[in-house]
Structure formats: structure tokens, C-alpha cells
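Report on one structure; see the data block that follows.
The values are calculated or read from the model by the stated rules, or taken from the named source; none is laboratory data. Remember, it's a predicted structure, so these values are computed and weren't measured experimentally. Reconstructed Cβ throughout: ideal geometry from the backbone, glycine too, with neighbour counts over all protein chains shown.
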Amino acid sequence: MQINHPDITQVLVTADQIRDRISELAKEIDEFYSDKDVLLLGVLKGAVPFMADLSRALSIPAQQDWMAVSSYGSGTVSSGVVRILKDLDADVKDRHVLIVEDIIDSGLTLSWLTSNLKARGAASVEIVTLLRKPDAAKVKITVRWVGFDIPNEFVVGYGLDFNENYRSLDGVGILSPAVYS
Ligand code: PRP
């Protein structure tokens, strides 16, 4: 579905921009892991399109696994306490893990997930996120690869939803407040 949609007030990132940025990121990731075995860890559900496109843009062989997590808290406000809804299938002990995320908002989910994977004995944990909202950060986390920094607005598309809608838009845009207010 195209990002030029009546419920989108402003397009922030087009499908073409995402494709170009992913090929740049993939080159850097290929180089970084050229002598290592990497496990791509996607965080459901938002990271599905990014994982699909990024993994196919990589030249290195990479395995994939998925986790689903949910942060306790009311509505759109993250609390930092994370519950595992679906755990990894793989054992991450001594593995090089690359977390693949659609967006870092407060940073609380990724902060928790990084610590959790290190506690399980991962050899290294890095993060690639398509989007990051610098103005929404509540905790400082080290992110090796960021696709785009975006303003602190309610965005949907390319995996990001509002009430499970809009995930299949091919770009990222600001959702009209009329939809959720
Ligand atoms: C989104 C996103 C991250 C998290 C980021 O997931 O995919 O996992 O929120 O927010 P934070 O930086 O404030 O912790 P969401 O809980 O909306 O689930 P979804 O991917 O299934 O839509």
C-alpha cells in the first residue's frame, strides 16, 4: 500500500529512500560481520518488513530469529518493564547478535533487550534500527546503525501500526490526529 494515503498528513520517508538506505546499511553490516557468524534478531511485529528487506540486501550468511516483547504501561507510554511474549528459538550464548528494530522511541525496549541478551551470554549485541526519535529518548543506548532520525510524532507505515493498521504502507509518515483523537 502506498504511503500517499489520505490518513497520512506528512510523508517522512518514502519507499525509495528506505530501499537506498537499506543498501547502504547492508554494506556496512556486511563489512562489520565479514569474519563473524551473525544472528539477526527481529523484534515482532514492527520489524518484519525491515528484516525482510535488510536480510536480503546482506551478502553475508545470517541466521534469523524472532522475539515478541510487550512493555507494561498504559497505551502508548512505555514503562521500561518488558514482558517476553515469544522468546528466541536459538541459544544466543557465544553468538554475535544483531537486533533488527523498526523504531527506537524511548529506548526502553532496546535497553532492556540488550541487557537481557548479554545476560544470556551473547558474544556481542549490536542494534540496527530503521527509525529513531532522538527527542523521545528516555535512556541512552548505543545504536550502531540508524536508518533515519525522525521527529517525535506519531508515525506509521513500513511495519509501524496504529491499532494493527497501516503496517503495510510502503513508506513512513505522520498519522493524522483525526484518526486517533
Ligand atoms: C515498538 C517498536 C519497538 C518499541 C520501541 O513496538 O517496534 O519495539 O515499540 O519503543 P521504545 O523505544 O519506547 O521502547 P510495539 O510495542 O509498538 O510493538 P509492535 O512492533 O508489535 O507494533
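Some points to look at:
- One residue stands out among those in the range 156-171 that are assigned to a strand (DSSP E or B), of a type outside the set (Gly, Ala, Ser) and within 14 Å of residue 13 (Cα to Cα): the one that is nearest to the ligand (Cβ to nearest atom), which is 160.
- Residues within the range 36-68 that are in a strand (DSSP E or B), over 15 Å from residue 126 (Cβ atoms) and of a type in the set (Val, Ile, Thr), tallied: 0
- Checked across the range 82-105, the condition of being of a type in the set (Gly, Ala, Ser) and touching a Lys or Arg at 6+ places or on another chain (Cβ under 8 Å) holds for no residue.
- Residues located in the range 105-120, provided they are modelled with pLDDT of 95 or more, under 14 Å from the mean Cα position of the chain (by Cα) and within 15 Å of residue 86 (Cβ to Cβ): 113
- Residue match in the range 17-30 (condition: surrounded by 17 or more Cβ atoms within 10 Å (Cβ to Cβ), in a strand (DSSP E or B) and either touching a Cys at 6+ places or on another chain (Cβ under 8 Å) or touching a residue at least 60 places away in the same chain (Cβ under 8 Å) (or both)): no
- Restricting attention to the range 118-136, the residues being farther than 26 Å from residue 31 by Cα and either in contact with a Cys (Cβ under 6 Å, 6 or more places away or on another chain) or crowded, with 16+ Cβ neighbours inside 10 Å (or both) number 2.
- Test: residue in the range 102-109 that is small (Gly, Ala, Ser) and more than 9 Å from the ligand (Cβ to nearest atom): no
- Residue that is modelled with the lowest pLDDT [pool: residues in the range 53-73 that are within 15 Å of the ligand (Cβ to nearest atom) and under 25 Å from residue 134 (Cα atoms)]: 73
- Scan of the range 34-52 for residues that are surrounded by fewer than 18 Cβ atoms within 10 Å (Cβ to Cβ) and farther than 18 Å from residue 85 by Cα, ordered by number: 34, 35, 36, 37, 52
- Among the conditions (1) surrounded by 14 or more Cβ atoms within 10 Å (Cβ to Cβ); (2) within 12 Å of the ligand (Cβ to nearest atom); (3) among the aliphatic types (A, V, I, L, M), the only one that residue 88 does not satisfy is (2).
- Residues of the range 13-51 classified as over 16 Å from residue 172 (Cα atoms) and within 16 Å of the ligand (Cβ to nearest atom), total: 5
- Sole residue being closer than 16 Å to residue 155 by Cβ, in contact with a strand residue (DSSP E or B) (Cβ under 8 Å, 6 or more places away or on another chain) and modelled with pLDDT of 95 or more, chosen from 102, 89, 37: 102
- One residue alone among 76, 129 is modelled with pLDDT of 95 or more, within 11 Å of the ligand (Cβ to nearest atom), under 29 Å from residue 21 (Cα atoms) and of a type in the set (Val, Ile, Thr), and that residue is 129.
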